[in-house]
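To start, the structure under review is shown below, and the notes come after it.
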Amino acid sequence: MAMTLQVLSPAKINLFLYVLRRRTDGYHDLFSLMCRIGLYDEILLDPASATITLQCSDPSLPLDDGNLAVRAAQRFYEALGRSGGVEIHLTKRIPVGAGLGGGSSNAASVLLGLNHLHDTPLSLERLIAIGRSLGADVPFFLFQSPALASGIGDQLETFTGIPIQTVVVVSPPFTVSTRMVYQKLNLRLTNRQKRPTRAHLKRTAFTPDLHLYNDLETVTLAWHPELLAIKNLLTGRGALGALMSGSGSSVFGLFSDQEAARKAIDALTRDRGWRLFCADLLTGSIPLICEI
């Protein structure tokens with residue numbers, strides 16, 4: 001267990017997101033299609049430490065158990081039934097508070113990496129159970145496949161009907177509180193949109209003009225009209241469709257290929273403080289862990 005591991009930590013987008021109902025525990029039941037994208041944070045796990053420590057390239061993020069990466073390491077060693085240490089080096093590239101799941105992905109990557117370092121003592125099912133205790137999106141990043149998600153987003157079913165496409169992500173210079181968005185959500189408005197059924201999705205491949213939808217836009221776009229302008233810019237530059245991911249603040253456009261996506265990025269104004277990314281939809285299995 002002397003080696004240092006490099007673990008890639010991908011972002012995700014919600015290709016559709018329907019909010020079904022508010023639960024008695026304060027969470028909401030969802031129906032969503034999630035897919036990882038080729039935009040990565042990078043995590044180095046160095047086991048030559050007696051305690052769990054974190055170094056991070058983003059000074060705005062906590063370095064204690066307020067960070068999901070640290071909490072994931074703590075839960076991993078609790079599951080093993082013993083104390084343990086690891087030095088976590090986190091290089092952030094995924095925007096924070098942008099609806100791209102960066103924190104949840106970091107937690108999942110720490111769990112996967114530590115399990116690899118310790119010769120796989122925990123099954124995937126056990127890791128997913130730990131992930132569920134950390135956050136609703138963590139199981140998805142452990143699942144490592146495009147998925148139809150239900151429950152609070154943690155009940156997952158593999159979905160294979162996503163065509164190969166390129167995504168352009170536009171991340172404006174502000175964050176959005178997921179908690180506040182859900183608190184302001186009016187379910188009477190969201191339930192007006194008829195959602196696709198699993199039976200329909202098994203017969204039909206994902207199609208942007210048919211399936212892109214996000215109930216949470218009813219809240220976030222009212223607060224930040226700039227996001228609607230970004231959606232219109234993306235479709236005006238050739239996107240097959242554009243949508244806010246999660247509760248925002250990032251907006252993405254889907255393009256038929258990388259050349260079309262790159263042309264769109266070149267045409268978008270860069271003087272508004274936006275961060276622009278071009279990435280592939282990760283519709284298959286990819287290697288995330290490398291021994292260095």
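Looking only at residues of segment 148-175 that are in contact with a helix residue (DSSP H, G or I) (Cβ under 6 Å, 6 or more places away or on another chain) and hydrophobic (A, V, I, L, M, F, W, C), we find that the one that is farthest from D257 (Cα to Cα) is L156.
Scan segment 46-66 for residues that are in contact with a strand residue (DSSP E or B) (Cβ under 6 Å, 6 or more places away or on another chain), part of a loop (DSSP other than H, G, I, E, B) and surrounded by 15 or more Cβ atoms within 10 Å (Cβ to Cβ) and the total you get is 2.
Of all the criteria given as (1) assigned to a loop (DSSP other than H, G, I, E, B); (2) farther than 28 Å from G131 by Cβ; (3) at pLDDT below 95; (4) open to solvent by less than 50 Å² (accessible area, probe 1.4 Å), the one not satisfied by A264 is (1). Whether any residue in segment 126-134 is of a type in the set (V, I, T) and open to solvent by less than 60 Å² (accessible area, probe 1.4 Å) is what I want to check. Checked segment 126-134: at least one residue is of a type in the set (V, I, T) and open to solvent by less than 60 Å² (accessible area, probe 1.4 Å).
Hey, among L189, L112, which residue is crowded, with 16+ Cβ neighbours inside 10 Å and either acidic (D, E) or in contact (Cβ under 8 Å) with a residue 12 or more places away in the chain (or both)? Break it down into steps so the answer makes sense when it comes.
Working: L189 fails: crowded, with 16+ Cβ neighbours inside 10 Å.
Criteria check complete, one pass: L112.
Looking across segment 67-101 at every residue that is part of a helix (DSSP H, G or I) and of a type in the set (A, V, I, L, M), the one that is surrounded by the most Cβ atoms within 10 Å (Cβ to Cβ) is identified as A72.
Looking across segment 275-292, the residues that are modelled with pLDDT under 90 and either open to solvent by 70 Å² or more (accessible area, probe 1.4 Å) or in a strand (DSSP E or B) (or both) come down to S285, I292. Using the structure shown, decide if R272 is surrounded by fewer than 16 Cβ atoms within 10 Å (Cβ to Cβ), outside any helix (DSSP H, G or I), among the charged types (D, E, K, R) and out of contact with any helix residue (DSSP H, G or I) (no Cβ under 7 Å at 6 or more places or on another chain). It is true that R272 is surrounded by fewer than 16 Cβ atoms within 10 Å (Cβ to Cβ), outside any helix (DSSP H, G or I), among the charged types (D, E, K, R) and out of contact with any helix residue (DSSP H, G or I) (no Cβ under 7 Å at 6 or more places or on another chain).
Select from segment 206-234 the residues that are aliphatic (A, V, I, L, M), open to solvent by less than 60 Å² (accessible area, probe 1.4 Å) and under 22 Å from the mean Cα position of the chain (by Cα) and write down the one among them that is nearest to S256 (Cα to Cα). Among residues in segment 206-234 that are aliphatic (A, V, I, L, M), open to solvent by less than 60 Å² (accessible area, probe 1.4 Å) and under 22 Å from the mean Cα position of the chain (by Cα), the one nearest to S256 (Cα to Cα) is L234.
Is it the case that some residue within segment 94-105 is of a type in the set (S, T, N, Q), over 12 Å from I43 (Cβ atoms), touching a strand residue (DSSP E or B) at 6+ places or on another chain (Cβ under 9 Å) and modelled with pLDDT of 95 or more?
yes
The C-beta contact set for segment 63-78 (first residue at pLDDT 95 or above, second residue of a type in the set (K, R) and surrounded by fewer than 24 Cβ atoms within 10 Å (Cβ to Cβ), distance under 9 angstrom, 6+ apart or interchain) comprises D65/R71.
For segment 10-28, indicate whether the set of residues that are part of a strand (DSSP E or B), open to solvent by 50 Å² or more (accessible area, probe 1.4 Å) and closer than 22 Å to V181 by Cβ is non-empty. Explain how you work it out, then say what you get.
Filtering segment 10-28 for residues part of a strand (DSSP E or B) gives 10-22, 28.
Now drop any that are not open to solvent by 50 Å² or more (accessible area, probe 1.4 Å), which leaves 21-22.
Narrowing the set further to residues that are closer than 22 Å to V181 by Cβ leaves 21-22.
Yes, there is a match, as at least one residue in segment 10-28 is part of a strand (DSSP E or B), open to solvent by 50 Å² or more (accessible area, probe 1.4 Å) and closer than 22 Å to V181 by Cβ.
Of all the residues in segment 224-283, those that are out of contact with any strand residue (DSSP E or B) (no Cβ under 7 Å at 6 or more places or on another chain) and of a type in the set (D, E) number 4.
Against the numbered list (1) aliphatic (A, V, I, L, M); (2) under 25 Å from E42 (Cβ atoms); (3) open to solvent by less than 50 Å² (accessible area, probe 1.4 Å), I164 comes up short only at (3).
The values are calculated or read from the model by the stated rules, or taken from the named source; none is laboratory data. Since we're looking at a predicted model, the values are computed, not measured. Cβ: placed from backbone, ideal geometry, glycine included. Neighbour counts: every protein chain shown. Side chains are part of the model used for accessible areas, which takes the heavy atoms of the whole protein and leaves out ligands, DNA and RNA. Shrake-Rupley method; radii C 1.70, N 1.55, O 1.52, S 1.80 Å.
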